[in-house]
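Here is the structure we will look at.
The values are calculated or read from the model by the stated rules, or taken from the named source; none is laboratory data. If you're wondering where the values come from, they're calculated on a predicted model, not measured in any experiment. Positions of Cβ are generated from backbone atoms using ideal geometry, with glycine treated the same way; all protein chains shown enter the neighbour counts. SASA here: full protein model, heavy atoms, side chains in, ligands and nucleic acids out. Shrake-Rupley method; radii C 1.70, N 1.55, O 1.52, S 1.80 Å.
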Amino acid sequence: MRRANLWGWWVAAGAAATAGYHLLPAGGEGRDLAYNVIGLVSVLAILAGVRLHRPERPAMWYWFAAGQAASVAGDLVWNYYVYVLHEEPYPSVADVFYLAAYPLLVAGLWLLVRGRGGGLTEAGIVGVGLGLVFWVFVLHPIAADTAVTGLEQAVSTAYPAADALLLGFLARLFLARAGTASTRLLAVAAVLLLIADVGYSVVSLYSGSDDDQFAAGWLLSYVVWAAAALHPSMRVPPEPESAASRGGRVQAAVLGASALLGPVLLFVPGVGGNAVDRAAIGAGSVILFLLVLARVYGLARRVRGQAAELERIAMHDDLTGLPNRRQFEQALVAAAAHGPPWVAFVGLNGLKNINEELGRPVGDRVLTVLAGRIALAGGVAARIGGDEFAVLLSSSADAGPAAERLAATLAEPVAAGGHELLVGAGVGLAEAADPVEVLRRAEAAMHAAKETGEPYRTWTAELDERAGEHARVGAELRAALDAGQFQVVYQPIVAVPEGRIAAVEALVRWHHPQRGLVSPAQFIPVAEHTGLIVELGAWILRTACERMARWRAELGAGAPDRVSVNVSARQLARPGFSRTVADALALAGLPPECLTVEVTETAVFGGGQAVTTLHELRAAGVRIALDDFGTGHSSLGLLHTVPVDVLKVDKSFVDDVTEAGRHTVIARALIQVADGLGLTAVAEGVETAEQAEALYALGYRLLQGYYFGKPAAELPATISRRPRPEKATDLPVRA
Ligand code: C2E
Ligand code: MG
Ligand code: MG
């Protein structure tokens with residue numbers, strides 16, 4: 001039998017059992033036995049439902065089971081009186097159990113209704129309103145019946161009073177349009193109980209007979225109550241209804257009607273004639289008034305609470321809990337009243353990579369940790385974009401130090417998802433009276449800081465000019481590529497002392513129709529930014545490979561061994577890059593060993609796709625050179641994770657290699673690292689004979705620079721200049 005249908009079978013069986021009960025001879029022991037069995041099995045069915053469905057809030061079901069068990073116990077005690085003691089006392093110990101059932105059932109209903117805004121107050125309004133009606137028509141007549149004892153009166157009134165209480169909760173359940181099938185079954189069960197109770201009270205009051213004509217109501221109430229526990233929907237408590245719930249109007253009508261019941265009773269002929277009824281109606285009306293007042297107050301408070309919550313949601317970032325852009329702009333406007341505010345703009349690096357490679361949860365964790373650090377660095381912090389934060393600084397004097405604090409705290413690694421992640425960030429500082437403008441400036445400064453790798457940058461007007469220039473160049477680049485304004489030139493990389501051109505580096509040039517020759521230092525960053533570098537870079541690769549293949553064909557053994565092509569971060573980050581390289585090689589018919597790809601440390605420092613691409617290239621036979629080595633992170637650890645064949649020692653170390661100093665020490669250390677790791681070292685930017693000799697003496701055997709040859713369209717036939725070995729022996733020779 002499927003669990004989902006269990007409750008249906010249960011109801012059918014229960015209904016059949018109830019019918020069977022009525023077929024048994026009235027007043028017999030068989031009937032009473034059947035009655036008790038149905039009750040007992042229902043209690044067990046409630047417990048079985050809890051075990052089967054494992055509800056989120058099991059407590060109320062235990063209260064229900066206890067309530068039903070109390071009823072069954074009452075019946076058993078009653079049977080004991082009838083069959084063992086042969087007496088039918090009223091009231092008796094059986095009534096203690098019967099009455100005990102109500103608080104237990106109500107406790108369960110209370111747990112069900114609780115936590116739904118105003119649930120108890122509403123139950124109270126309906127309960128008191130109906131209670132008044134009960135009082136006037138049922139309770140008071142019983143209480144006034146002088147023929148019975150005080151205890152009897154008390155017990156007789158207790159049943160309908162308990163019913164009124166039950167009814168209050170029941171009304172509340174219906175009003176809240178208690179969503180689940182299980183709660184609807186509960187309501188049906190309670191209604192059955194109520195009908196049986198009230199019917200019994202009224203009939204026994206006005207006709208004096210008290211046979212078991214209401215037994216079906218009680219029995220079905222047992223069965224349906226247990227069915228509610230067996231229904232699968234009992235697992236989840238009903239949703240707290242929304243303010244705009246469908247039941248809104250019905251709810252208001254029922255509550256209003258209940259609240260009016262007291263005064264309306266006074267218009268019923270024959271009611272209110274005696275002082276006790278009038279007092280009861282008066283007291284009831286006052287209580288109803290107070291309950292309605294409490295409900296109205298509660299509603300108002302809930303609306304206020306919801307408004308505050310909506311405001312919080314609208315003004316804050318979900319993930320980090322920091323204020324969002326909207327709130328930040330408001331804070332800026334407020335701050336601007338006391339003079340132009342200072343803002344630090346933080347742009348994180350490489351968050352996209354983290355999200356892509358380690359998954360969003362890790363990215364979210366990193367964001368949360370860094371948001372916490374930013375908030376602690378001083379000032380009002382806000383998250384204003386995916387990986388962007390802004391801090392409103394307290395004073396201009398604090399701007400510099402705050403930016404330094406931010407940069408320092410963000411440079412610390414973040415532990416997330418089992419990794420120690422280095423994120424890093426650019427920080428831009430700016431001041432302006434206009435909230436939009438100050439954010440724009442600070443963001444521009446942040447981008448400038450990122451570009452140069454400084455910890456932070458303060459906005460200057462010059463930044464905007466550069467940005468304008470960038471925008472202009474960006475627009476022109478595309479057309480330039482189509483119009484064939486680019487050219488690739490080649491600079492020799494010379495093997496010393498023999499002076500052979502061991503390799504060439506391909507360098508791009510832009511012949512601008514108006515501005516003449518534009519330096520790659522000016523347009524490569526723009527092409528990277530706009531993404532055009534991907535297409536431009538592919539063209540450069542093809543051109544260089546074809547050219548190299550031609551030299552091999554024309555010069556034979558006299559041709560350089562390989563051509564070096566610069567590749568930027570944006571190109572490496574594309575998964576298809578190794579394919580592009582393979583295509584260029586195939587198209588030119590050039591063996592992969594004849595190509596070196598030059599990348600900067602910064603391009604590969606973040607790891608990820610860039611490093612994957614390098615491994616693919618390496619596997620294909622292409623050599624990898626780390627360009628401008630010594631100027632970036634210069635992390636020796638990088639040499640383990642990234643496949644590298646060549647270290648290109650930056651020009652800055654070459655410049656003063658002839659003087660004893662820090663740079664000479666580094667140049668010496670770098671050649672030792674290269675030798676130690678079995679890498680080839682190339683010294684870049686060699687401009688003088690002295691530099692060439694000093695480098696040679698340090699052990700460098702591959703040199704590149706204007707001293708040997710400038711980048712040009714053609715290769716020089718021979719290299720006339722070379723370090724003089726006899727002079728080299730004068731210099732300290734590497735151990
Ligand atoms: P890089 O890869 O470090 O290239 C070396 C730069 O130093 C070249 O400048 C070269 O002309 C210059 N140079 C060589 N010897 C000397 C010397 O003795 N003295 C001085 N002062 N400079 C020397 P260039 O061609 O202006 O390129 C600048 C940078 O632009 C390159 O630095 C490279 O990062 C980038 N770049 C150039 N061509 C390309 C390219 O085709 N693709 C990409 N992605 N980047 C390129
Ligand atoms: Mg280079
Ligand atoms: Mg370089």
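For region 607-674, the extents of the C-alpha atoms along the principal axes are 41, 20, 17 Å, listed from largest to smallest. Taking amide H as placed 1.01 Å from N in the peptide plane, the amide H of residue 564 sits under 5 Å from that of 504, 505, 506, 596, each at least 5 places away or on another chain. Evaluating 6.51 cos²θ - 1.76 cosθ + 1.60 at θ = phi - 60° for every residue in region 336-353, the Karplus couplings come out as 5, 5, 9, x, x, x, 9, 10, 9, 10, 10, x, 6, 9, x, 5, 4, 4 Hz, glycine and proline recorded as x. Applying the Karplus relation 6.51 cos²θ - 1.76 cosθ + 1.60 with θ = phi - 60° to region 82-88 yields 3J(HN,Hα) values of 5, 8, 9, 8, 6, 9, 10 Hz, where x marks Gly and Pro.
When only the Cβ of Lys, Arg, Asp and Glu is charged (+1, +1, -1, -1), the dipole of region 586-698 relative to its Cα centre reaches about 400 debye. In the calculated pair-distance distribution of region 296-423, the portion above 27 angstrom amounts to 29 percent of the Cα-Cα pairs. Computed from phi, the 3J(HN,Hα) profile of region 405-418 under the Karplus parametrisation 6.51, -1.76, 1.60 (θ = phi - 60°) reads 4, 4, 4, 5, 5, 7, 7, 5, x, 10, 8, 8, x, x Hz, with x in place of Gly and Pro. Model label sites at residue 587 and residue 482, defined 7 Å from Cα along the beta-carbon direction, differ in position by 1.9 nm. Seen against the Cα atoms of the chain and their longest principal axis, helix 248-265 is set at about 30 degrees. Each listed q (0.12, 0.14, 0.26 Å⁻¹) maps to a log10 I(q)/I(0) for region 1-70, found by the Debye formula over equal Cα scatterers with no solvent: -0.39, -0.52, -1.15.
Around residue 478, with a cut-off of 13 angstrom between Cβ atoms, what is the net charge of the other residues, counting Lys and Arg +1 and Asp and Glu -1? With Lys, Arg at +1 and Asp, Glu at -1, the neighbours total -2.
For region 615-718, the set of GluC sites (Glu not before Pro) satisfying both a DSSP loop assignment and a count of at most 16 other C-beta atoms within 10 Å is given as 659, 687, 714. Of the residues 288, 314, 275, the one whose Cα sits farthest towards the positive end of the charge dipole of region 267-321 is 275 (charges of +1 on Lys and Arg Cβ, -1 on Asp and Glu Cβ, taken about the Cα centre).
Between amide H atoms placed 1.01 Å from N, distances below 5 Å from residue 421 occur with 414, 415, 416, all of them 5 or more places distant or on a separate chain. Modelled spin labels at residue 472 and residue 24, positioned 7 Å past Cα toward Cβ, are 10.3 nm from each other. In terms of overall dimensions, region 476-602 has a Cα radius of gyration and Dmax of 15.0, 44 angstrom.
For residue 319, nonlocal amide neighbours, meaning residues 5 or more places apart or on other chains whose placed amide H falls under 5 Å from its own, do not occur.
Here the label points at residue 257 and residue 276, each 7 Å from Cα along the C-beta direction, are separated by 2.9 nm in the simple model. Look at where the Cα atoms of region 402-426 and of region 382-397 average out, and the two centres are 16 Å apart. As a fraction of the 1.4 Å probe accessible area of the chain, surface on carbon and sulfur atoms comes out at 61 percent. Pairing the Cα long axis of helix 93-113 with the longest principal axis of the chain, what angle in degrees results, from 0 to 90 and rounded to the nearest 10? Tilt of helix 93-113: around 30 degrees. Can you give the local net charge around residue 435? Use residues other than it whose beta-carbon is closer than 14 angstrom to its beta-carbon, Lys and Arg +1, Asp and Glu -1. Here the count lands on -1. How large is the charge dipole for the chain, taken about the Cα centre, if only the Cβ atoms of Lys, Arg (+1) and Asp, Glu (-1) carry charge, to the nearest 20 debye? Dipole size: approximately 820 debye.
Does region 1-125 classify as rounded, prolate or oblate by the C-alpha gyration tensor (a ≥ b ≥ c root eigenvalues; a/c under 1.5 gives rounded; else a/b over b/c gives prolate, otherwise oblate)?
Since a/c reaches 1.5 but b/c is at least a/b, the shape of region 1-125 is classed as oblate.
Here, the chain yields an orientationally averaged convex hull projection of 51.2 nm² when only Cα atoms define the hull. Within region 247-370, the proportion of C-alpha pairs whose separation exceeds 22 Å stands at 67%.
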